[in-house]
Amino acid sequence: MAAELVEAKNMVMSFRVSDLQMLLGFVGRSKSGLKHELVTRALQLVQFDCSPEVFKKIKELYETRYAKKSSEVVQPQPQQHRSPDTLSIHSSYDRGSTVARTSISTTNIDYPVLYGKYLNGLGRLPPKVVKPEVRLVKLPFYTTLDELLKPTELVPQNNEKLQESPCIFALTPRQVELIRNSRELQPGVKSVQVVLRICYTDASSPQEDQYPPNIAVKVNHSYCSVPGYYPSNKPGVEPKRPCRPINLTHLMYLSAATNRITVTWGNYGKSYSVGLYLVRQMTSAELLQRLKTIGIKHPELCKALVKEKLRLDPDSEIATTGVRVSLICPLVKMRLSVPCRAETCAHLQCFDAVFYLQMNEKKPTWMCPVCDKPAPYDQLIIDGLLSKILTECEDADEIEYLVDGSWCPIRAEKERSCSPQCPILVLGSSDVNGLLPTPNGNGENGKAAADVVDLTLDSSSSEEEEEEDEEDDDDDEGPQPKRRCSYEKGLVSAC
């Protein structure tokens with residue numbers, strides 16, 4: 001494999017601009033830029049992603065170029081009548097590849113045979129099984145602009161536990177311009193970034209970001225910070241590390257100079273792949289605006305869904321006549337502003353899209369707070385019917401959907417006063433023992449206020465009050481001992 005890479009690099013170095021553009025266009029890479037930029041891009045392709053198809057294309061371009069040149073200049077002639085032009089072909093061929101110098105003889109040159117043998121006299125490569133490519137999941141907060149390096153497996157070079165894998169690449173002028181002209185999300189952080197993503201080497205399905213043990217990333221001459229571990233409050237539970245794209249932009253050369261990235265990782269049996277991408281980082285406000293633009297579900301469609309949920313099931317013995325939906329967000333316990341749920345959720349209850357996106361921007365989980373099932377961004381919808389209800393029903397925190405798709409508010413009963421309301425019975429026209437008067441203290445037509453009796457008092461308390469009144473009427477027995485006043489605070493006895 002090493003010999004093949006050397007041969008491929010030698011061929012690429014001899015390519016013209018048109019050949020380089022055809023090669024890069026074949027693999028879907030950018031074809032713009034100066035020749036040295038195209039050469040750098042093609043060498044990166046050979047070094048990190050030289051599949052059998054790419055190698056075959058390089059051979060085809062190489063053979064086509066030199067076979068065409070030889071057919072134009074070199075005509076089949078007897079050996080004794082060799083023309084000087086044939087030697088010029090030799091020299092140009094020598095300049096194109098240093099390896100090829102040893103394989104050219106000065107007699108009996110037959111170019112078709114020579115190029116059929118190919119460089120170093122090697123025959124055609126044996127067919128290889130093409131491995132499916134590793135794919136990474138799409139991240140809502142990152143829009144991919146360019147793929148700088150396809151996911152490439154980290155291959156250990158020895159039996160050591162700590163391995164290092166280098167990668168060399170250069171940015172095109174257009175990519176540099178995109179980074180420089182992008183806005184700042186925060187001081188020193190551009191919205192257009194070069195990010196490194198790492199995942200398991202598994203081509204069966206799109207992979208989520210996953211860091212290997214002991215990871216360290218060095219960009220040129222400086223180490224890049226990698227997200228740390230979240231502390232765990234539960235005993236016996238290992239702390240988790242948020243695996244996100246690693247931003248390398250602030251440590252890179254924003255010019256045509258090549259950048260060297262070295263990934264240090266722990267080799268403990270699992271296989272990992274790395275990829276480099278030019279991305280634009282989005283904010284939660286931008287995702288919310290996009291959701292409002294393309295993710296609103298029409299109220300009539302939501303109404304039809306309600307009818308479907310409440311439709312009578314002939315096999316069920318229980319008939320559902322309505323379903324209650326809260327207007328309070330389960331995330332922050334506040335009234336909903338943008339009611340949202342996942343298209344895959346079976347419930348009608350919504351959560352607030354504003355807070356949901358903000359929480360996933362800080363710590364991406366994308367789990368529904370109602371049913372605790374996955375609710376990815378591309379599955380979110382804004383409930384148009386509930387949005388309309390929120391504007392029409394401002395004095396209720398809960399509604400009920402009915403079988404016909406209509407709704408009615410559910411208002412909470414007013415809380416009763418903490419102080420008990422005592423029943424009042426009117427007994428006469430004079431105040432006795434300073435009891436509370438009726439609300440109409442002056443009485444009608446100038447009459448004296450009527451006396452009232454508290455019916456909440458039991459019989460024993462009434463008897464005690466009567467005994468106390470008799471003792472108050474006996475003034476000849478001398479001074480009485482002090483007794484606790486039975487009147488309410490702030491009231492004065494009428495005696």
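Ordered from longest to shortest, the equivalent ellipsoid semi-axes for segment 1-67 are 16, 14, 11 Å, each the square root of 5 times a Cα gyration tensor eigenvalue.
The portion of the accessible surface of segment 1-67 made up by carbon and sulfur, rounded to a whole percent, is 59 (1.4 Å probe; DNA, RNA and ligands excluded). When each of the peptides 26-34, 170-178 is scored by how many other beta carbons lie within 10 Å of its residues on average, the order from highest to lowest is 170-178, 26-34.
Relative contact order for segment 1-67: 42 percent, from Cα pairs under 8 Å spaced at least 6 residues apart, divided by residue count. Using heavy atoms of the protein chains and a probe of 1.4 Å, the accessible area assigned to residue 19 is about 20 Å². At the residue level, residue 13 shows approximately 110 square angstrom of accessible surface with a 1.4 angstrom probe and all protein chains present. Quick one: which residues, 5 or more positions from residue 272 or on another chain, have an amide H under 5 Å from its amide H? H modelled 1.01 Å from N in the peptide plane, none for Pro or chain starts. It is 154, 201, by chain and number.
Backbone geometry of segment 400-408 corresponds, through the Karplus equation with coefficients 6.51, -1.76 and 1.60 at θ = phi - 60°, to 3J(HN,Hα) couplings of 10, 7, 9, 5, 8, x, 7, 8, 9 Hz, x marking Gly and Pro. Give, as a single signed number, the net charge of other residues whose beta carbon lies under 11 Å from the beta carbon of residue 39, with Lys and Arg counted +1 and Asp and Glu -1. Spelling it out: positives minus negatives among the neighbours equals +2. Taking GluC sites (Glu not before Pro) across segment 318-397, the ones in a DSSP loop with at most 16 further Cβ atoms lying within 10 angstrom of their Cβ are 343, 394.
Close amide H contacts of residue 375 (hydrogens built in the peptide plane, cut-off under 5 Å, sequence separation of 5 or more or a different chain): 367, 368. Taking amide H atoms as placed 1.01 Å from N in the peptide plane, the amide H of residue 382 lies under 5 Å from those of 296, 297, each 5 or more residues away in sequence or on another chain. The largest accessible area among 298, 347 belongs to the first residue in 298, 347, and the rest follow in falling order (1.4 Å probe, all chains). Under a crude label model (7 Å from the Cα following the beta-carbon direction), how far is residue 177 from residue 406 in nanometres? Result: 6.3 nm between the two label points. A crude spin-label estimate for the pair residue 133 and residue 215, with each label 7 Å from Cα along the Cβ direction, gives 2.1 nm. Here the Karplus relation 6.51 cos²θ - 1.76 cosθ + 1.60, evaluated at θ = phi - 60°, turns the backbone of segment 237-242 into coupling constants of 9, 6, x, 9, 10, x Hz, with x for every Gly and Pro. Per-residue 3J(HN,Hα) values for segment 278-289, derived from phi via the Karplus relation 6.51 cos²θ - 1.76 cosθ + 1.60 with θ = phi - 60°, read 9, 10, 10, 7, 9, 9, 5, 5, 5, 5, 5, 5 Hz in sequence order (x marks Gly and Pro).
The values are calculated or read from the model by the stated rules, or taken from the named source; none is laboratory data. Keep in mind that what you see is a predicted model, and the values were worked out from it rather than measured. All Cβ positions, glycine included, derive from the backbone under ideal geometry; neighbour counts span all protein chains shown. For accessibility, only protein heavy atoms count, side chains too; no ligands or nucleic acids. Shrake-Rupley method; radii C 1.70, N 1.55, O 1.52, S 1.80 Å.
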